[in-house]
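This report concerns only the one structure given below.
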Amino acid sequence: MNSLLRRFNVYGDFWMRYLFFAARWCPWFLEPALTWAMGAVFFLALKKTRFTVAANLAVVRPGQTLWQYVKDTFCVILNYGWTLADMAHVRLGDEVIDWEVSGQRHLDGLAQAGAGAVILTAHMGNYDVAAPMFARRLKRRIHTVRVPDRHDETQEFMKERRVENNSEWLTVHYNEPGGMLAVELTRLLQEGELVAIQGDRVLFDVSARPAEFRDGITWQLPRGPFLLALVARVPIVPVFIVRIGWRRYRAIAHEPFQWTGDPRDKNAAQNAAARWWSACLRKVVEQHWYQWFVFERVFERQSIHDDEES
Amino acid sequence: MKTDRLIDDASLPLVRTALARVFLPPKPPVTPEDADQMVAARDRLHEREVMWGAAFCAGWSLIAVACFLPWGGSHGWWMAPRLLLCLAAWLPVWLLVLQLLVVVPGALCALLVERRILIAAEARLLMDSVVLLALSVAACVLVASSCLACQIVGDIWLFVLLLEGMLRVVLLVSKLLK
C-alpha cells in the first residue's frame, strides 16, 4: 500500500506519467489552462516547497511585501510547470521550441573540435532540453551530469523517456552515490569533450563550497565543476537557459573563466572560480528569479571568511 | 525593422482556426535585437491563437461549470450554506472537469493508437474533436435550460462555433476564387 501511495508523492512517477500523457493528448486550446490549473494545485499542495521558494526569494528579492512573495512563489511554480510541459513535448518528439542565443561569441570556442570545456549552468528554464539542441548545433557531443530522481520508479520512467529521445550528440551521466563519475568526467574533459553541469544546487553527498551571495549571506555551491576544470585545465563557460515566453527559450552565454595562476595552488584556483561563479550566478538569478527552480534552501546567514581561510 | 538574420526556418507558424487567420494573422519569426541568433521551431504553433483560444475555453468552461452547479432554489435558510458550498466547489469542479476532458478521451485515443486502429496524428485530431464535441454538448444543454444566464453562456459557445464555421467557408471560397 505504501509503495502505491509513494507513486502519488510529488517525486513519484504518477505525475511524470500524467505530464507525458497530457502533453501527448491535451488539445492545444486547453493546454495553457491545464498547465495553469495544475500549477495552482501544486502551489496549494506543496506547503514546504512554497515556504522554501519564498525563503530563497526573500534573499534574492529583499524588501517585498508578504503578498508579493506569495505571488512570486506562484510565478516560480507556474514557470516550472510550463518548462515541464515543454520538456514533455520535446521528449515526445514535438519540435515546438524556439531558441534564441545571446553571447554567441562566448560559445564559438565550444564549437572547435578537441577543445574541452565545462559548461556550467543553473536550474533555470529548460536546461534538460537545451543540451541536445546545443550539441546538434555545435556538432559536438555534450556529456551532461544529472542527479538521479528521488524515486526509483520516476528515475526508471525518465530514463526510458531520455533513451527514447536519445541524440547521438548527448550522453547523460547519473551522479549516483559511490560512483566514480569525477574520474570519468576528468578523462572526458582531457580528451577534449564538453561536460555540462548544474552549479547552483547541492544535493545528497555532493561536495559543497560556501560562497558569498551578499554581505552576511552565503550560499552553497558545488565544488565539483571548479575542481574538474582545474584538474583538466579547461575553461568554464557559463550558459544559462532562460524561458522568455511561450515555448521560447534563450541560451545566454557569459564570459568563460580559466584559472591563469599557479595550477598547483588548488585552493586559490577554487576560491577564484567560486567567487566568479557566485557573482555570475547571482546576476542571472536576480534578473530571472521567476524561473530559478531550486526547491531547497540555499542561503545561510553567516560569514565565510573563516571557511575560506581554512 | 528588425532583421530575420540567421533564422533557420522563417515559415509562418501553424494556424488552426479561421478566427485566428482573420483576426490574429501570424507573422514570421524575428530575431530580437538583444539576441545573436534565433532557431525557430519546425512545428511551432501560433502563440496568440493558442493563448486566446485557451483563455476563451478556460473562461467559458469556468462559467459553464458555474451554470451547472445548484446555486439557488427556494429552500429558505438552506440557501446561504448551499451558496457557500457551490462557491467553494466551483474551482475544484472546474479543475476536475478539465482533467476529465483530457483523461477520458485521451485514454480512448491512447487505446486506439495502441491497438493500431488510428495513427498518432489521427488520434490527436479525434481527441480535439471529442473535446470540442463535449463542450458543444454542454453548450446545447445550457441553451435548452430555462435560466436566461445559462442560455446566454450556451449561446456564446455556439455563436463562436458558428462564426468559425462561416469564416472557414469564406476563406475557402476566397481561396478558390484566387
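The values are calculated or read from the model by the stated rules, or taken from the named source; none is laboratory data. Everything numeric here is computed off the predicted structure, so don't read it as measured data. Because the Cβ atoms are built from the backbone with ideal geometry, glycine has one as well, and the counts that use them run over all protein chains shown. What goes into the accessible areas is simple: the full protein's heavy atoms, side chains included, and nothing from ligands, DNA or RNA. Shrake-Rupley method; radii C 1.70, N 1.55, O 1.52, S 1.80 Å.
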Item to check | Count of segment B:4-31 residues which are surrounded by 13 or more Cβ atoms within 10 Å (Cβ to Cβ) and modelled with pLDDT under 80 | outcome: 8
Checklist outcome for this item: Just one listed residue, out of B:LEU98, B:LEU171, is of a type in the set (A, V, I, L, M), surrounded by 15 or more Cβ atoms within 10 Å (Cβ to Cβ) and assigned to a helix (DSSP H, G or I), and it is B:LEU98
Checklist entry - Within the set of pairs 6+ apart or on separate chains, which have a first residue in segment B:102-124 that is within 12 Å of chain A (Cβ to nearest Cβ), a second that is assigned to a loop (DSSP other than H, G, I, E, B) and open to solvent by 90 Å² or more (accessible area, probe 1.4 Å), and C-beta atoms under 8 Å apart? => result B:VAL113/B:ILE119
Next on the checklist: Give me the residue from segment B:36-55 that is at the interface with chain A (Cβ under 7 Å from one of its Cβ atoms) and of a type in the set (A, V, I, L, M, F, W, C) and, out of that set, nearest to the chain's Cα centre (by Cα).
Outcome noted: B:ALA54
Checklist entry - Among the residues of segment A:29-49 satisfying the criterion of being closer than 16 Å to A:THR83 by Cα and not small (Gly, Ala, Ser), which is nearest to the other protein chains (Cβ to nearest Cβ)? => result A:PRO32
Item to check | Residue that is more than 17 Å from the chain's Cα centre (by Cα), away from every other protein chain (no Cβ under 11 Å) and open to solvent by 40 Å² or more (accessible area, probe 1.4 Å), where the choices are A:ALA111, A:ALA115 | outcome: A:ALA111
